Protein chains: 4
Amino acid sequence: VTDPPTIDLNSDVGEGFGVYRLGDDARILKVVTSANIACGFHAGDPTVMARTVELAAQHGVAIGAHVAYPDLAGFGRRQMEIAPDELSSIVSYQLGALDEICRRAGTRLGYVKPHGALYNRIAVDPEQAAAVVEAVAVHGSQLTLLTLPDSVAMRLAHAAGLPALAEGYADRAYAADGSLVSRTQPGSVIDDEAAVVERAVALATTGEVRAIDGTPVRVWPRSICIHGDTPGAARLSSEIRGGLERAGVRLRAFA
Amino acid sequence: VTDPPTIDLNSDVGEGFGVYRLGDDARILKVVTSANIACGFHAGDPTVMARTVELAAQHGVAIGAHVAYPDLAGFGRRQMEIAPDELSSIVSYQLGALDEICRRAGTRLGYVKPHGALYNRIAVDPEQAAAVVEAVAVHGSQLTLLTLPDSVAMRLAHAAGLPALAEGYADRAYAADGSLVSRTQPGSVIDDEAAVVERAVALATTGEVRAIDGTPVRVWPRSICIHGDTPGAARLSSEIRGGLERAGVRLRAFA
Amino acid sequence: VTDPPTIDLNSDVGEGFGVYRLGDDARILKVVTSANIACGFHAGDPTVMARTVELAAQHGVAIGAHVAYPDLAGFGRRQMEIAPDELSSIVSYQLGALDEICRRAGTRLGYVKPHGALYNRIAVDPEQAAAVVEAVAVHGSQLTLLTLPDSVAMRLAHAAGLPALAEGYADRAYAADGSLVSRTQPGSVIDDEAAVVERAVALATTGEVRAIDGTPVRVWPRSICIHGDTPGAARLSSEIRGGLERAGVRLRAFA
Amino acid sequence: VTDPPTIDLNSDVGEGFGVYRLGDDARILKVVTSANIACGFHAGDPTVMARTVELAAQHGVAIGAHVAYPDLAGFGRRQMEIAPDELSSIVSYQLGALDEICRRAGTRLGYVKPHGALYNRIAVDPEQAAAVVEAVAVHGSQLTLLTLPDSVAMRLAHAAGLPALAEGYADRAYAADGSLVSRTQPGSVIDDEAAVVERAVALATTGEVRAIDGTPVRVWPRSICIHGDTPGAARLSSEIRGGLERAGVRLRAFA
């Protein structure tokens, strides 16, 4: 008897600030198994964080720190030149803050997924990647780093003895080399819902997906990222979950 | 044989931000036994916090979280109306952030001293005081709350089974009821250095100090607060320490 | 032949920040005659301001500076203790910034409506009211101050020779003394759409409205405030406009 | 009879924020003829701006807007990727805010000198340079752009019919091509006071200065930049002024 294929679904939540709201967290948290919670640097504030952690805990969803550059005005999507030791302190600050908010709610922090420009940067930049890995490594309890497959950050985390896992995207086109096709290119985002569900199932059951040129690409994701802030996101995520369950895939958090 | 009288000296440090510096932390940390470190809300940023924690650890100085209202522009000195549950999350956020920065440096957080307007508010406001006490209570390790004598926050902390200690001021005039004379009143700040040293010794050895009208006031402080950001602060703090040592007072952190 | 009664409709717009959006500005700007545009202190950023000013100009809507306390996290709804000279500089800063953004778009600033906690404060606090009036007075072109009827700010503006006008609320209950019933009281917000439209017509044609106890209250508004950030706000505002037009009221900006 | 050579001395001032102070503005403003005043984005707040404008006006010093990226934490020294239309709004916002603060003080804005990373960027990046030039061009009164010699921004300003002038550095080494030697290179900063004064006189009287390899470099500056935030800055600036006056150079603002 073989174990069924297992996958995690993760999504960004808790991205409000003050009176501002973003995304439909209440619906998304009914679907995903892991919640990337903003830590107050690109979005989120202590109150939003506390509310989101409680909601995630109620739904039994694993909690990850969605650490980011300090850039509320740019939502953490702008590249920033930050010295590695400063970046490492910035990441530690966010990890500690969310960890304490989790403790308040009787739950705990399980993983780290860098956000936006920082996420992209540590896939390729050894200095910034090492700074993030160091902050994760010195945390009191063991945290898993969630990142792009074969990223520099993943390799550095593994070298440091830390767990690091890859995630895949069901609604984004891949190039033949396994990288994501830039959003500025035609066909980079897959709009057809049936196609997105089919790709999610392929990623979860075979670990592979067709690149934009038809080549099969090995992603081997332990998690699939669900976008929560686009129109129709909550419904699409429900369909992805339904498609995975119909395909016999077991949904389970990795952390 | 009686134990010698023991006192702690605390001071606010780590109050820079970005390129800005405030106070002479390097000198102050050679004198005090406890360091109130800003947590990024009224002052401080992750880099300043990391640098200050390391410096405090090198000097064997105990580390406290100088938690504050979110008000960099007003340096945390302005009263803010914040709902208790929001305030509690705000305090937890800061405690967690500094705690993690301490862990990076191989040291640990020992106590909490609220800053500025928040410090004054929780001496009298039961709602905000309870919010702060709750955040301190749910922290993973036991933290001591440092506050005004007989403050509402101290009473709530004791009722919750948390350690809370009083601090005294050697350079501020007291009213006969034990409160501090407002800075807007003549004679509220004591400028004469010899008088300040003498009052520090009185506070440490007898627990009492003369009020502005001559009445003896019981303060029973476990710590004396040293102001680090006034001209001559570093020298005055050295003289206070010297005076205490000559009077046979033992200097020791409480946390 | 008598001139028809004339009224202005004003609403808060441009209250997004970075990726955040608030309210349906595009619809609201088709209905109102005056737009209170956030200036970057409680909401808004230079890009949001530029976009909103352009949209208002396209619709021929008058532009007002929705000046506020510096409090993005609290959306300008928290009381702040700010020294009058600081407050005056803060208001000038915002007026100048929005004025320049208007000039870029080939249009001009016409009036000032303070926001949230500042709006309430200057209705009763002579020091803060004088600080705001001073900033309005030194502006290069003449600006009208839009405020509560009989507010301290209105009286100070008139004393300084500045135009100041009252606004009324069609969806809020008034007390017999002309003040608004606090939102914490039952019946303070009028939900029935037909009643809101009827009250708007009464305010515009008679200047009066029934207080919560039935007493007629003289408001004599030159403008009626439309809330844009509540569910159904855009539709309700259309109905108010329709009701006014059917009643023969002429809609025209005051600035 | 020939007119005496004329030069302007400019320096960055008003770079405090809240309780923070930076540099000795009171002394610097006695020496320079032009003051680059921070506008609240990399440093400065409305209160600091008002105080600095008044001080500059008292000393008869011309006022320039020291516009910057929105980056208080990084003091505007970090490169930022900002879309040109957003950057243009950001610059307009700052120009308008300072202009209004000047009006309050009975004085007026005369020029614009971009700060830090933005200053360096618009010397070479046509998109960001055009965005800044556009914001300067649409300002109500004519402003002069102060920039590096032969910068892209200067050429675009001239093409748009705007005045743009070059500034020189007496305490920085030049390469033979007229660019500044990077601060990371040995010899990039000239510490010898006599040499700095001599170079200032050469720049003011001949328009030229020796490059680090001895080649004469044509700078033709209309202003010399004085650094105000380094130790000894105030005294060095006095010596530069004294040296220029002894050499018969007339000190006069360009704006």
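The values are calculated or read from the model by the stated rules, or taken from the named source; none is laboratory data. Bear in mind that the values here come from a model prediction, so they are computed numbers and not experimental data. As a convention, Cβ positions derive from the backbone with ideal geometry for all residues, glycine included, and neighbour counts pool all protein chains shown. These area figures cover heavy atoms from the full protein model, side chains too; ligands, DNA and RNA do not enter into them. Shrake-Rupley method; radii C 1.70, N 1.55, O 1.52, S 1.80 Å.
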The number of residues in the range C:19-44 that are over 22 Å from residue C:239 (Cα atoms), out of contact with any Pro (no Cβ under 8 Å at 6 or more places or on another chain) and without any contact (Cβ under 8 Å) to a residue 60 or more places away in the chain is 6
Given the residues B:150, B:125, which is the only one that is acidic (Asp, Glu) and farther than 21 Å from residue B:41 by Cα? B:150
Among the listed residues B:57, B:73, B:68, identify the single one that is under 19 Å from residue B:106 (Cβ atoms) and touching a strand residue (DSSP E or B) at 6+ places or on another chain (Cβ under 9 Å). B:57
Scan the range B:59-69 and tell me whether some residue there is on the phi < 0 side of the Ramachandran plot and over 16 Å from the mean Cα position of the chain (by Cα). yes
The residue that is least open to solvent (accessible area, probe 1.4 Å), considering only those in the range C:1-42 that are hydrophobic (A, V, I, L, M, F, W, C), under 21 Å from residue A:74 (Cα atoms) and away from chain D (no Cβ under 14 Å), is C:13
Look at residue C:146 and say whether it is more than 14 Å from every other protein chain (Cβ to nearest Cβ), in contact with an Asp or Glu (Cβ under 6 Å, 6 or more places away or on another chain) and of a type outside the set (D, E, K, R). yes
Any idea which of D:100, D:86, D:54 is within 29 Å of residue A:116 (Cα to Cα) and charged (D, E, K, R)? D:86
Quick one: in the range B:127-137, of everything that is more than 14 Å from chain A (Cβ to nearest Cβ) and in contact with a Pro (Cβ under 7 Å, 6 or more places away or on another chain), which residue is surrounded by the most Cβ atoms within 10 Å (Cβ to Cβ)? B:128
Can you pull out the strands (runs of 3 or more DSSP E) entirely within the range B:138-255 that have at least 2 residues that are open to solvent by 50 Å² or more (accessible area, probe 1.4 Å)? B:208-210, B:216-218
Can you list the helices (runs of 4 or more DSSP H) found entirely within the range A:45-124 that contain at least 1 residues being at the interface with another protein chain (Cβ under 8 Å from one of its Cβ atoms), open to solvent by less than 10 Å² (accessible area, probe 1.4 Å) and in contact (Cβ under 8 Å) with a residue 24 or more places away in the chain? A:46-58, A:84-104
